[in-house]
Amino acid sequence: MNDLLAWVLKAWRPVLEILILAVGIYQAFVFLRGTRGAPIVTGFLGVLLALTLSSRLLDLQVLSLLLNQFFAVLAVAIVVLFQPEIRRMLAQVGTLPVATNAQREREKIEVICETVDRLAPVRIGALIALEQDIQLSEVVESGITVDCEATPEMLETIFFPNNAIHDGGVIIKGNRILRAACIFPLAQRDDLQRSMGTRHRAAIGLTEETDAVVVVVSEETGQLSYAHRGQLTRNVSVENLRSFLTQVLVRRTSQRPWMQRLWPKASTPRES
């Protein structure tokens, strides 16, 4: 018994270090997966591993010296290369979820669902961003200030094809429309279909850098889609959309909010 206790007291620090490293590496891959930084990470690690092995096996002293100097500035290089992904990761981990009015969120969900249910059959395109903890003004600088109550009639008016501000995205916070005719950052990932339209790429791009949920109505097909955490789910029904929005907006502050933030579902639907 004493031997077991001594072993536990001796081994708990290495176990803790391994656990911390494992969680950190896992979180880094979860946040980078499917983003513009993912191919860079793969190429960066591949080149670094090849150079390190070559210098060790062939005893290349100059190369080893250069690599040692490079490791000293590695932290700065990572910040420069992966600034958008690091900002999104720190923003999600560092923001505490606040208690929201569940009834207000449900009313907002019904407004969104009723709006897209009207727009989809007549193939009127729409791009609606629902702001959460991260302020979208940090990413979206364009657009026209509206600041009015979010209603299906107002959203229909904004996205009506003959309207001067229909071509762009709308930002909704709480139960109010903040801005319209916004230009969202476009996703530049190589794994996206070439035929994907600008609205869908903008939805992915905005959710790569923020925690917003973006709802899209395709002007060509009338299909509904939603994007969250850089992942796009296409061709969903109004009921599917309502269920997803309820899960994200209403239930996000219920049980174990910190666990949900630290361990996002690895099986989040990808763009199809």
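Length gained on full extension, LEU49 to LEU5, computed as 0.36 nm times the residue gap minus the Cα-Cα distance: 11.9 nm. Our coupling estimate for the range 135-141, obtained by passing each phi through the Karplus curve with A = 6.51, B = -1.76, C = 1.60 and θ = phi - 60°, is 5, 6, 5, 6, 10, 9, 9 Hz, Gly and Pro reported as x. For ASP133 and ASP59, the difference between the fully extended length at 0.36 nm per residue and the C-alpha to C-alpha distance is 21.5 nm.
Computing FRET efficiency as 1/(1 + (r/R0)^6) for ALA164 and GLU114, where r is the C-beta to C-beta distance and R0 is 22 Å, gives about 0.35. In loop segments of the range 131-225 as defined by DSSP, the GluC sites (Glu not before Pro) with at most 12 further C-beta atoms inside 10 Å of their C-beta are GLU141, GLU220.
Overall, the range 98-236 carries a charge dipole of about 240 debye about its Cα centre when +1 sits on the Cβ of Lys and Arg and -1 on the Cβ of Asp and Glu, all other atoms neutral. Taking a ≥ b ≥ c as the square roots of the Cα gyration tensor eigenvalues, with a/c under 1.5 meaning rounded and otherwise prolate when a/b beats b/c, else oblate, which class fits the range 102-262? The shape class here is rounded.
Computed extension length for LEU192-LEU21: 58.4 nm, one decimal, from 0.36 nm per residue of separation with the Cα-Cα distance subtracted. Scalar couplings 3J(HN,Hα) for the range 113-127, obtained by applying the Karplus form with A = 6.51, B = -1.76, C = 1.60 to θ = phi - 60°, are 5, 5, 5, 5, 5, 7, 7, 4, x, 9, 6, 9, x, 8, 9 Hz; x denotes Gly and Pro.
Throughout, read-outs are computed from the coordinates displayed, never taken from laboratory work. From a predicted model like this one, the values you see are computed outputs, not experimental measurements. Heads up, the Cβs are rebuilt from the backbone with ideal geometry, glycines too, and the neighbour counts pull from every protein chain shown.
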